[in-house]
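Contents: one structure, followed by commentary.
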Amino acid sequence: MSQESRDDTGRPNLSRAEFPPGMVLCASTLENSWLPPNNLIGSTSPKVDRGPGDLFAGNSVTPEGLASLEFGAAVLPTKLIMVLGHNSCGAVNATVTALQKGDTLPVHIADLVRAMKPGIEPVLKQSGNDLQQRAVIANMRYNAQRLQHAKPILAENDSQE
């Protein structure tokens with residue numbers, strides 16, 4: 001946050017309207033407690049100062065996740081969306097396993113696998129090492145492409161840049 005949006009002690013003044021410069025689509029803190037999205041940019045870099053209120057985080061490109069990102073783009077208005085992934089992602093690993101073995105999963109977990117399948121399934125047909133890493137990358141690319149073509153809000157913002 002800029003200095004103008006901090007109080008006299010240097011803490012963020014979060015009572016004002018949101019105007020984050022970026023949004024994050026990644027494993028959320030609901031799914032992965034390793035690292036909150038706000039911590040991905042910030043205290044480790046002397047050039048970038050990011051804290052609470054600086055990033056708007058979405059979860060995945062589901063209708064609800066897309067709605068959150070569209071809200072950020074249309075209402076806040078935020079232009080940058082970062083699509084992130086991480087090694088040893090449990091959701092990606094579960095999707096790879098389910099697709100390889102044809103596992104029947106509980107309803108909501110099956111919904112997650114169905115949502116991730118189009119991005120991950122093509123790498124299962126490819127030979128090579130590091131299937132899990134390739135699946136993480138494929139999932140990120142698939143979600144980034146979906147966001148670029150999400151009409152009307154995100155696709156229009158992408159074409160204006």
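Quick note: the coordinates plus some simple rules give every number you see, no bench work behind them. As the structure is a prediction and not an experimental result, all values here were calculated from the model. Note: ideal-geometry Cβ built from the backbone for every residue, glycine included; neighbour counts use all protein chains shown.
The table below lists the values:
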read-out	value
In Hz, Karplus ³J(HN,Hα) per residue of region 85-101 (6.51, -1.76, 1.60; θ = phi - 60°; x = Gly, Pro)	x, 8, 4, 6, 6, x, 5, 5, 4, 5, 5, 4, 4, 4, 6, 5, 9
Using θ = phi - 60° and Karplus 6.51 cos²θ - 1.76 cosθ + 1.60, couplings along region 147-157 (whole Hz; Gly, Pro as x)	5, 5, 10, 6, 9, x, 6, 6, 4, 5, 5
Amide H contacts of A150 (H built 1.01 Å from N, under 5 Å, at least 5 apart or other chain)	A155
Residues whose placed amide H lies under 5 Å from that of V24, excluding near-sequence neighbours	F56, A57, G58, M82
Phi to ³J(HN,Hα) by Karplus 6.51 cos²θ - 1.76 cosθ + 1.60 over region 112-129, Hz, x for Gly, Pro	5, 4, 4, 5, 8, 3, x, x, 9, 3, x, 6, 5, 8, 9, 8, x, 7
Peptides ranked, highest mean first, by Cβ atoms within 10 Å: ranges 102-112, 75-85, 131-141	131-141, 75-85, 102-112
